Amino acid sequence: MKLQLVGQVARVKMKKQKQVCSEAKNDDFKKIQTFLAEDSPLVTSLLARILSKDERVIIAGSVADGWKALCYASTLQPDLVIVGLHLPGLDGEGLVRRLKLQQNPPIIFVVTSDNSPESRARCLTAGADAFLVKTKDLPARLHAAVQSFWPRRSAISQPSAGFRKTSHRRA
């Protein structure tokens, strides 16, 4: 009986390995390792919930402090970092500037309720790839931003308006 069970487990493992290999060939299943730097637990939870609707996104971690975010994001080297503008310690603009100095910088989206032209200009100048304002259409804009940098094969691969299309390190 044990031998039969072991054989079944081996067949299941082989089947799963084949499935993983076929998924790895398909860009729709490329995982997007994501790190959240946001001082509000409620907004962090909301962002994680929005992003979880895209099965490619994996939340690698989150912190509520700019200096800790710099440390963790530098260590984890995620594909995407989502940054709140008004973080304690190191603010979002400073975090973006420092992360973009790395040898292989991540794609960075700033998510904020500050819709001022000055804040937008400062963040984009610091190197942010997208500046998203916390409004009722945030889920759609966040998904559009992710799609503009990691398009699915079935989608047209043109950058959405308002996002800077740059090459990213993980091809």
#### Entry: Shape of the stretch 35-107, Cα gyration tensor, a/c cut at 1.5
oblate
### Task
Please list the non-local residues whose amide H lies under 5 Å from the amide H of VAL57, H modeled 1.01 Å from N, same-chain partners needing a gap of 5 or more.
ILE32
### Task
Using the 2.2 N^0.38 Å rule of thumb for compact globular proteins, work out how the stretch 87-153 stacks up: its C-alpha Rg over that value, please.
1.14
#### Entry: Whole-Hz couplings from phi, Karplus 6.51/-1.76/1.60, listed for the stretch 103-114; x for Gly and Pro
4, 10, x, x, 6, 10, 10, 9, 10, 8, 8, 7
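FYI, it's all coordinate maths here, none of it is from the lab. Predicted model, so just to flag it, every value in this text is computed and none were measured.
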